[in-house]
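Encoded as structure tokens, the structure appears first; notes follow it.
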Amino acid sequence: MKKLSILLLLVCISFSATAQTADELKKELSTKKAEISKLDKEAKSIQAKIDALPGWKKGAFGTIGGSISGFNNWYSRTAPTASAGNIGITVNGFANLIEEDFFWRNSAAVNLGWVKLDEKGVAGDEGFDTATDVFTISSLYGKRLNKKWALSALAEYRTTIIDNFNDPGYLDFGAGLTWTPTNNLVVVMHPGNYNFVFSSGDTVFESSLGAKIVADYNKKYGKLSVKSNLSVFQSYKSSDLSNWTWTNSFGYTIWKGIGVGFEVGLRKNKQEALSNAIAVNEELTVPGTTPTFDTVDNKLQSYYLFGMNYSF
């Protein structure tokens, strides 16, 4: 009986020591986490000071998405033997020179996608067709009036590079004011802007004078990279010649620059809608009539890409 009591006492002491050790470890872990959180805040504060220093700031991130599939004697399909695949690539980059009395911001964005459906016994579908084709490059120079406002000049070019390069192509030249409330947000307001539109042959595309508004946001939240760009042209000649494009890109780093990415783009352009209606005669509000700006259905254009991401 005495031995049993001693054994129970030792067990209780052992449990007490173990519990005490676990509590001490948890307390130590909590202390370390608090220290890490404090150091992380200090690191972000130092990084913000570095970002605010004059000089060049460069960066880029991109996304690659793709898939393949195949059917062999899959009789529920109209064509039982077929293979399909798609691939998309998007790259966003910038190179900005930030000085105390001026800035020069340069950016480029490319989104290319291909899709393929090869059905055995059906001729003419063996190759890849272009799915998305977007290319944009811009350069903004500003002479500072103060920390947030600057007199500025902008050049922006947009086109496709796989199909119909520069047909159409849009080149904006303008001047006005730029507002930079933070290091990550740039808002361009140019009441004097000429929108050059390039196209081949007899087309509906027309250049015009108007106002240009651009809002560009670029920031990293830890492992998350975010870039959003809204580009608007409002023609003084006619609203039919106006257009806007809004792109949003996200990249989340998981390991050594590799992660997942997502990009979505939206656009409204009545000149492109009318050109397409003339080409395929499918976008008419009133069937059987000649396509015009008044009869064309100017639908919202969009694209998206999800896949593997890499940050530079």
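The values are calculated or read from the model by the stated rules, or taken from the named source; none is laboratory data. Note that the structure is a prediction, hence the values are computed from the model and not measured. Note that each Cβ is placed from the backbone with ideal geometry, even for glycine, and that neighbours are counted across all protein chains shown.
Being touching a residue at least 24 places away in the same chain (Cβ under 8 Å), within 21 Å of S242 (Cα to Cα) and over 18 Å from the mean Cα position of the chain (by Cα) is a description that applies to G176. When segment 188-198 is filtered for residues that are of a type outside the set (F, W, Y), without any contact (Cβ under 8 Å) to a residue 40 or more places away in the chain and touching an Asp or Glu at 6+ places or on another chain (Cβ under 8 Å), nothing remains. Test A131 against the stated conditions and say whether it is closer than 28 Å to K270 by Cα, modelled with pLDDT under 80 and either assigned to a strand (DSSP E or B) or small (G, A, S) (or both). It is true that A131 is closer than 28 Å to K270 by Cα, modelled with pLDDT under 80 and either assigned to a strand (DSSP E or B) or small (G, A, S) (or both). Among the candidates L53, L10, L39, the residue that is of a type outside the set (F, W, Y), at pLDDT 80 or above and either in contact with a strand residue (DSSP E or B) (Cβ under 9 Å, 6 or more places away or on another chain) or not assigned by TED's automatic domain parsing to the domain that holds T182 (or both) is uniquely L39. Looking only at residues in segment 130-179 that are acidic (D, E) and surrounded by fewer than 20 Cβ atoms within 10 Å (Cβ to Cβ), the one that is farthest from G201 (Cα to Cα) is D133. Listed by first and then second residue, the pairs linking a residue in segment 35-55 that is within 21 Å of F102 (Cβ to Cβ) and among the aliphatic types (A, V, I, L, M) to a residue that is at pLDDT 70 or above and outside any helix (DSSP H, G or I), with Cβ atoms under 9 Å apart and 6 or more places separating them unless they lie on different chains, are A52/I98; A52/N183; L53/I98. Put simply, of N243, N218 the only residue that is closer than 22 Å to I278 by Cβ and under 22 Å from the mean Cα position of the chain (by Cα) is N243. Mind checking which residues of segment 208-223 are out of contact with any Lys or Arg (no Cβ under 9 Å at 6 or more places or on another chain) and either part of a strand (DSSP E or B) or surrounded by 15 or more Cβ atoms within 10 Å (Cβ to Cβ) (or both)? Result: A211, K212, I213, V214, A215, K220, Y221.
When T253, T245, T295, T290 are checked against the criterion of being hydroxyl-bearing (S, T, Y) and loosely packed, with under 15 Cβ neighbours inside 10 Å, T290 stands alone in meeting it. Sub-6 Å Cβ pairs linking a first residue in segment 199-227 that is over 18 Å from N183 (Cα atoms) and assigned by TED's automatic domain parsing to the domain that holds S107 to a second residue that is among the β-branched types (V, I, T) and in a strand (DSSP E or B), at least 6 apart or interchain, are F205/V197; S207/V197; I213/V232; K223/T253, ordered by first then second residue. Screening segment 275-289 for residues that are out of contact with any strand residue (DSSP E or B) (no Cβ under 9 Å at 6 or more places or on another chain) and in a loop (DSSP other than H, G, I, E, B) and picking the one that is modelled with the highest pLDDT gives T289.
Looking across V204, V186, one residue alone is surrounded by 20 or more Cβ atoms within 10 Å (Cβ to Cβ) and touching a helix residue (DSSP H, G or I) at 6+ places or on another chain (Cβ under 6 Å). It is V204. Could you tell me whether S231 is modelled with pLDDT under 95, small (G, A, S) and either part of a strand (DSSP E or B) or more than 25 Å from the chain's Cα centre (by Cα) (or both)? In short, no. Filtering segment 102-120 to residues that are in contact (Cβ under 8 Å) with a residue 60 or more places away in the chain and either surrounded by fewer than 19 Cβ atoms within 10 Å (Cβ to Cβ) or within 14 Å of G62 (Cα to Cα) (or both) leaves S107, A109, N111, G113. For segment 244-259, the set of residues classified as out of contact with any Asp or Glu (no Cβ under 8 Å at 6 or more places or on another chain) and over 17 Å from K223 (Cα atoms) consists of W244, T245, W246, listed by residue number.
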